[in-house]
Structures are given as structure tokens and as C-alpha cells.
Amino acid sequence: MARLNILRYPDPRLHTVARPVASVDERIRRLVDDMLETMYAAEGVGLAATQVDVHERVIVMDTSETRDNPIVLINPELIWQSEEMRLAEEGCLSVPTIYDKVERHASVKVQALDREGQRFEMQAEGLASVCVQHEIDHLRGKVFVEYLSALKRDRIRTKMIKKAREEQRDG
Ligand code: NI
């Protein structure tokens, strides 16, 4: 397994629309394993392939407190979403140090393929529901800061560019 480089906002590659996975083969399983290692190392609850510059519909997540319940979603599709909405704070490994509130469906049902290529359905509530919607947005080329006001987004963009410059200078 290998840790992958995570793209940082405002990298334009984060706005690429991912294509469906044609077949769940060894290459995809290696990608899934590398994404899980990368997500756990970065202490994130979810990671979309878009964030590691692979533009195929693959998501990994683990919203358990014990960090031992990896979930793999290949070609995920939302098949139901609650009318009830909920406002919750979100962060993103591609937008480090930034947290803000986004309104999402309180619960969703998703259909996907697992690491073995088997179809399954999952109902997600709470943090898992937020995570599924956030990660599916990544596959559509959307970053959570796009739900915020233009003013906030501009501030975040400036902050991220400055942070990247400082890291380049220091590292
Ligand atoms: Ni994210």
C-alpha cells in the first residue's frame, strides 16, 4: 500500500467529473487500499478518488469512533434522500484547517459496489450521511466550500494559496 498525494483547494483538478469504474479489478482494489491508507494517515473520515487525482467513481470512508470500519463505495448512486435537512459543520482533507456549516439531507440511501465488486445498499444517518453526500459531491467535481458565500470562498481561496506558498518555502 502507498500513501497518495491529496490535491488541495483551489487546485482546478478538484473540479473534474469522475467517470464510472468499468470493472472492479486489481487496479481498483489497489487504489481502494491506497486511498484507505491515505485517509487513515490524514485522520479523515472520507476520501474521494478525485482528491488523489484519479477521476473514477471511488469513495472510501470510516465514520466510526474506533476507526476500524472502512466502507468502500464504487460507482455510488444516491437512491433516496430524506426531506429533512440538517445543518452540520464540515471539513475536507483538500481544504485543511477550514470548517464551516453546510445543509445536507439528514439521511440518505446509497447503492454501490464494494471492494469485491458486489452490489450493496446502505442507509446513512448523522455523520455518515454528511460524509456520503460530501464525497459524492467530490466525484461531481464539487468541493464543500462551494456551498458557502462568495465572500467566504474567496477568503478561503486566498488563505489556501498563502498556506501552500508558505509550505513550499518552509519545506
Ligand atoms: Ni472533502
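Every read-out reported here was derived from the displayed coordinates using simple, explicitly stated rules and does not represent laboratory data. Given the structure is predicted, the values throughout are model-derived calculations rather than measurements. Using ideal geometry, Cβ is built from the backbone for each residue, glycine included, and neighbour counts are taken over all protein chains shown.
Taking every full run of DSSP H in the chain, the ones that stretch at least 18 Å from end to end by Cα along their long axis and average -1.0 or higher on the Kyte-Doolittle scale are 26-41, 126-139.
By the helix-only formula, in which each DSSP H run with n ≥ 4 contributes -39500 (n - 2.57) and the sum is divided by residues, the chain has a 222 nm mean residue ellipticity of -10000 deg cm²/dmol. Under a model in which nothing but the beta-carbon of Lys, Arg (+1) and Asp, Glu (-1) is charged, the chain shows a dipole of about 800 debye around its Cα centre. The lysines whose alpha-carbon is closer than 19 Å to the alpha-carbon of Lys163, local same-chain residues fewer than 8 away aside, are Lys152.
How big is the gap, in Å, between the Cα center of the stretch 47-87 and the Cα center of the stretch 106-139? About 5 Å separates the Cα centre of the stretch 47-87 from the one of the stretch 106-139.
Here the stretch 35-169 carries DSSP beta bridges of which approximately 100% are antiparallel, counting only pairs with both residues inside.
The calculated FRET efficiency for the pair Thr66 and Arg30, based on their C-beta separation and a Förster distance of 30 Å, comes to about 0.75.
Near the amide H of Glu90, within less than 5 Å, lie the amide hydrogens of Asp100, Lys101, Val102, all on another chain or at least 5 residues away, with H placed in the peptide plane.
Judged by the ratio a/c of the largest to the smallest principal axis of the C-alpha gyration tensor, the chain counts as oblate, that ratio being 1.5 or greater while a/b is no larger than b/c.
Which chymotrypsin sites (Phe, Trp or Tyr not before Pro) from the stretch 5-105 combine a DSSP loop assignment with at most 12 other Cβ atoms within 10 Å? Intermediate values should be presented prior to the final figure.
Details: sites: Tyr40, Trp80, Tyr99; in loops: Tyr99.
Here the sparse-neighbourhood loop sites are Tyr99.
Highest mobility in the GNM of the chain, judged by mean-square fluctuation with C-alpha springs under 10 Å and restricted to Glu90, Glu135, Glu43, is found for Glu43. Between Ala42, Ala18, Ala112, the GNM of the chain built on Cα springs shorter than 10 angstrom shows Ala42 fluctuating the most. Taking a ≥ b ≥ c as the square roots of the eigenvalues of the alpha carbon gyration tensor, the stretch 1-86 is rounded, as a/c is under 1.5. Compute a Gaussian network model of the chain, connecting alpha carbons closer than 10 Å, and tell me which residue from Met122, Met35, Met61 fluctuates the most. Among Met122, Met35, Met61, the largest mean-square fluctuation in the Gaussian network model of the chain belongs to Met122. Given +1 at the Cβ of Lys and Arg, -1 at the Cβ of Asp and Glu and no other charges, the dipole of the stretch 1-45 around its Cα centre is 180 debye to the nearest 20.
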